[in-house]
1. Go through B:I104, B:I83 for me and flag whichever is away from chain A (no Cβ under 14 Å) and in contact (Cβ under 8 Å) with a residue 24 or more places away in the chain.
2. Looking at the structure I just gave you, is A:G42 more than 14 Å from chain B (Cβ to nearest Cβ), in contact (Cβ under 8 Å) with a residue 40 or more places away in the chain and open to solvent by less than 20 Å² (accessible area, probe 1.4 Å)?
3. Filter the stretch B:68-84 down to residues that are of a type outside the set (A, V, I, L, M, F, W, C), assigned to a helix (DSSP H, G or I) and within 16 Å of the chain's Cα centre (by Cα) and give me whichever is surrounded by the most Cβ atoms within 10 Å (Cβ to Cβ).
4. Within the stretch A:55-88, work out how many residues are more than 10 Å from every other protein chain (Cβ to nearest Cβ) and among the polar types (S, T, N, Q).
5. Being open to solvent by less than 60 Å² (accessible area, probe 1.4 Å), within 10 Å of chain B (Cβ to nearest Cβ) and in contact (Cβ under 8 Å) with a residue 40 or more places away in the chain is the filter here; which residues of the stretch A:100-146 pass it?
6. Quickly run through the stretch B:76-134 and pick out the residues that are under 30 Å from A:S82 (Cα atoms) and among the charged types (D, E, K, R).
7. Here are some residues: A:S237, A:S250, A:S286, A:S241. Which one is closer than 13 Å to A:I347 by Cα, touching a residue at least 12 places away in the same chain (Cβ under 8 Å) and surrounded by 14 or more Cβ atoms within 10 Å (Cβ to Cβ)?
8. Count, please, the residues in the stretch A:89-99 that happen to be in a helix (DSSP H, G or I) and either crowded, with 24+ Cβ neighbours inside 10 Å or within 10 Å of chain B (Cβ to nearest Cβ) (or both).
Amino acid sequence: MSHLISLKDVLVKKDKRMILALDDLVIQEGSSCAIVGPNGAGKTTLLMCLSCLEKMNAGSIFWRGKLVGRDISKHDFRRKISVVFQQALLFNMTVFDNVAYGLKLRNCSRKEIAGRVMRSLEYFGITDLAKRSARAISGGEAQRVTLARALALEPEILFLDEPFSSLDAPTSEKIILELKETIRRTGTTILLVTHNKLEALNLTRDIIVLESGKKVQAGDIAHVFQHPATEFIALFSGIDSVLSGTVVESRDGMVGVKIADRVVMAVGDFAVGCYVLAFIRPENISLSLDAISASSAKNNFPATVLDCIPVDYYHKVVVNCGFSINSIVANPTVAQLQLKTGKQVFISFKATAVHLVST
Amino acid sequence: MDLIIDGLIEAIRLLWNGNSEVFAITWLSLKVSGTATLISVFLGVYTGVTIALSSFWGKRAVVVLVNTCMGFPPVVIGLVVTIFLWRSGPLGNFGLLYTPTAIIIAQTIIAAPIVTGISIAAINQLPEKLRLQALALGATRLQMVWLLIREARLPLLAAIMAGFGGVISEIGASIMVGGNIKGHTRVLTTATAMETSKGNFELAIALSIILLLLMIVVNSVLTTIQMKGR
């Protein structure tokens, strides 16, 4: 894979406040990458900078190694990309004309425009909307039209700025699947700004995590979710047990972390006295009515159920074992164990299930 | 009451018979106010869009100034234009005072801020990212501006209506810079005022009816276009 787009030493300030400060970032051709981070982390600003729609205080954008603004004009560069915003920004014309707009700007022939527009509408199953006014369609249809408009241009990279956030869950799930299939078919490189883990997992393979305008972690999405570097990434990836503690013992790649009045064993190499955050995925915590002596898990504690919250086909069970920790339990198991608030249980988890980061 | 009824009957008779003086006054009014509106639309839309899309120090002050100028008294504009066009004034050499051109100049100065102010508001009410979306689709700056004007066409038509309504019904500046010269610079509003002061209520009412009809026709046409654009 070759470098499609990259940036170097980018700095964006607004009202003297730093919004984005990135030393370097490379997007490979054919890749799919999610940009995540808390509100105000600079995600949209990064997308706007990469698409040359935002003025930067410093820094350079490179397109296939060419400096944008010097070796290639911003206008020529923008004709190689497509951007879909959070809001479906459709023009007051028919759906067909909306999708054809960018193609007309590129002086495509009428025949080519008609072909590409209809093909793109077909990708999202909205060919029947072609003659309708863009003002007379639903929110879900409007977002499909914006995606069709973006893909009709056959961009080399597609920038998506939270395009599904204003849609209801079933509609966004359906559109995500349609988009995923279209991207698979066209091989378009995508960069997705999102607040949604499932969108990121569904549409992208890589992830860039921004916090306070800086890149805090990047890489393969599965690896980043398994080894979160910050509390935000841990929570974003679905880890809802984030515990702070102090290392009290350390030997042979194993550490004991004192959390409340318990010592939790974990894999890691930290000095004694070091303050750490322990991330434990809820699916890695086993719950039973009796203590399991034969278990290979290093961490076994008696606990009291604090809450048992039904979530779809499972329950989120909050227990207190000296500290509060969450587990997920399948619905039949909840019934079998008769889990309810106040129930005495035992929890166990392996040392490898605890991911530590120093604070 | 008889005065009003007689006046209305005479007015209808004058209109029905196609009085040449009434026709000439109407035609001049249309020509002068139409030209002033047209120039104002070009100036106002260009300035309004430029202000709305630019970010510069003091932008807020400029918008406040434009909004203030929207309600500028026509007599003050008439006075200023008269001074400028006066024989010994800065533009006195052109000999424009008491000509239809002078009325066009004054009316343009009245209408341009109205069109500018409404244009700024029209562009500002569009989603902020629409501009970015157009650029992201590959539009040049000029193509993007044209698209925004197209998107804001409904409020921009309102700007034209407001501009035309402002100048066709204006009297202070027209009488000051035009002089209300019969067959030369007499327009509907100045003629109506003069005939009223002379006690010729029939002619004054006839001219008023024409003025109202003109406004109704022009606004109906623009409103129809506006409704179609929805």
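The values are calculated or read from the model by the stated rules, or taken from the named source; none is laboratory data. These numbers were taken from a predicted model, which means no experiment stands behind them. Glycine gets a Cβ as well: all are built from the backbone with ideal geometry, and neighbour counts include every protein chain shown. Quick note on the areas: whole protein, heavy atoms, side chains included, nothing else; ligands and nucleic acids left out. Shrake-Rupley method; radii C 1.70, N 1.55, O 1.52, S 1.80 Å.
1. Working: B:I83 fails: in contact (Cβ under 8 Å) with a residue 24 or more places away in the chain.
On inspection, the qualifying residue turns out to be B:I104.
2. Numbers: more than 14 Å from chain B (Cβ to nearest Cβ): yes; in contact (Cβ under 8 Å) with a residue 40 or more places away in the chain: yes; open to solvent by less than 20 Å² (accessible area, probe 1.4 Å): yes.
So A:G42 passes the test.
3. Per the criteria, the residue is B:G78.
4. So the answer is 3.
5. Passing the criteria: A:Y101, A:G102, A:L103, A:R106, A:S133, A:T146.
6. At the first step, the residues of the stretch B:76-134 found to be under 30 Å from A:S82 (Cα atoms) are B:119-134.
Across the stretch B:76-134, the qualifying residues are B:E128, B:K129, B:R131.
7. Values: A:S237 fails: closer than 13 Å to A:I347 by Cα; A:S250 fails: closer than 13 Å to A:I347 by Cα; A:S241 fails: closer than 13 Å to A:I347 by Cα.
It is A:S286.
8. First pass over the stretch A:89-99, keeping only residues in a helix (DSSP H, G or I): A:95-99.
Within this subset, residues satisfying the condition of being either crowded, with 24+ Cβ neighbours inside 10 Å or within 10 Å of chain B (Cβ to nearest Cβ) (or both) are A:95, A:98-99.
Counting residues in the stretch A:89-99 that are in a helix (DSSP H, G or I) and either crowded, with 24+ Cβ neighbours inside 10 Å or within 10 Å of chain B (Cβ to nearest Cβ) (or both) gives 3.
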